[in-house]
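Visitor: Here it is, the structure in full.
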């Protein structure tokens, strides 16, 4: 009987402990669930508060407040189009200069959008009809119509036309923030830097040739300086630019060209009249690039001088490595 009683007592104690353990577990789960629900509620409240508060984008003309992530964006420069497409955002309006050629080249396909005039003269009425919630304008081209654009929709003004390579990267980052894709923009910039660094490794440490990009047009010969998009990109690669100037591009004479004396000449041709005149002049033959047959015209004029985006930069850098070092 004594053994029986001891057994019953032990059994009762075990059952009691088991019940207490189950109650503790249930209580813990309830507490965890409560904490989880509370955290979700707090996160939701914070997100709602952020959406109600909006955010501010700093740009070349000051600051612009956006109430929410814009869904209808109008871009007035091709580099801004390139930036948005890289971020997987398609603008509703583009200044395409009356043709979708550049848009297709940048996008790699046809896009559904509304043409809003030319880059030099945007159609304000067409922009207004789209009822955009963000306009992205260029400092050089659109500074004088900033107030009119602001009257249509929130507008940020960034550098493109006369921008250096680094300024284009800064503009890309700002567009990412404005489009609500700041983190994605920074990730893409990091990937871009890695591509450029890999290409830079192919440039010999003792490279000392001076290169120059010249566009021959009916109204003159325009060369790009060291602070231009192409020029600064080359400097970063370790390739010197013949025209060391803070000006993005300049219209020069043959005498000025001879003085610059580039070792390598990249040529894009809109009109060949001036090129024919120069090449028939004995002064032309005195230039190192001419004497050493280092003139390259197999480059895409639009990519090298107009698009100014991450993809354009990678193409320019790849072209330069191919032309200068691949035999």
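Visitor: Among the numbered conditions (1) closer than 21 Å to residue 200 by Cα; (2) free of Cβ contacts under 8 Å to residues at least 40 places away in the same chain; (3) loosely packed, with under 13 Cβ neighbours inside 10 Å, tell me where residue 325 comes up short.
Guide: (2)
Visitor: Moving on. Within the stretch 176-188, can you find the residues that are free of Cβ contacts under 8 Å to residues at least 24 places away in the same chain and in contact with a helix residue (DSSP H, G or I) (Cβ under 9 Å, 6 or more places away or on another chain)?
Guide: Correct list: 182, 183, 186.
Visitor: Would the stretch 240-248 turn up any residue that is modelled with pLDDT of 95 or more and surrounded by fewer than 21 Cβ atoms within 10 Å (Cβ to Cβ)?
Guide: Looking for residues that are modelled with pLDDT of 95 or more and surrounded by fewer than 21 Cβ atoms within 10 Å (Cβ to Cβ), one finds at least one in the stretch 240-248, hence yes.
Okay, residues lined up against (1) surrounded by 16 or more Cβ atoms within 10 Å (Cβ to Cβ); (2) touching a residue at least 12 places away in the same chain (Cβ under 8 Å):
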residue	(1), (2)
259	no, no
266	yes, yes
269	no, yes
280	no, no
285	no, no
294	yes, yes
299	yes, yes
313	yes, yes
320	yes, yes
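Visitor: Residues to consider are 210, 273; find the one that is over 18 Å from residue 166 (Cβ atoms), surrounded by fewer than 15 Cβ atoms within 10 Å (Cβ to Cβ) and modelled with pLDDT of 95 or more.
Guide: 273 is the lone residue from the list that is over 18 Å from residue 166 (Cβ atoms), surrounded by fewer than 15 Cβ atoms within 10 Å (Cβ to Cβ) and modelled with pLDDT of 95 or more.
Visitor: Going through the stretch 186-225 one residue at a time, which ones are within 19 Å of residue 79 (Cβ to Cβ) and assigned by TED's automatic domain parsing to the domain that holds residue 248?
Guide: Those that are within 19 Å of residue 79 (Cβ to Cβ) and assigned by TED's automatic domain parsing to the domain that holds residue 248: 213, 215, 222, 224, 225.
Visitor: Return yes when residue 118 is surrounded by 14 or more Cβ atoms within 10 Å (Cβ to Cβ) and in contact with a helix residue (DSSP H, G or I) (Cβ under 8 Å, 6 or more places away or on another chain) and no when it is not.
Guide: Considered against the rule, which asks whether it is surrounded by 14 or more Cβ atoms within 10 Å (Cβ to Cβ) and in contact with a helix residue (DSSP H, G or I) (Cβ under 8 Å, 6 or more places away or on another chain), residue 118 comes out as no.
The values are calculated or read from the model by the stated rules, or taken from the named source; none is laboratory data. The structure presented is a predicted model; accordingly, all values stated were derived computationally and were not measured. When we count neighbours, we look across all protein chains shown, and the Cβ atoms used for this are built from the backbone with ideal geometry, even at glycine.
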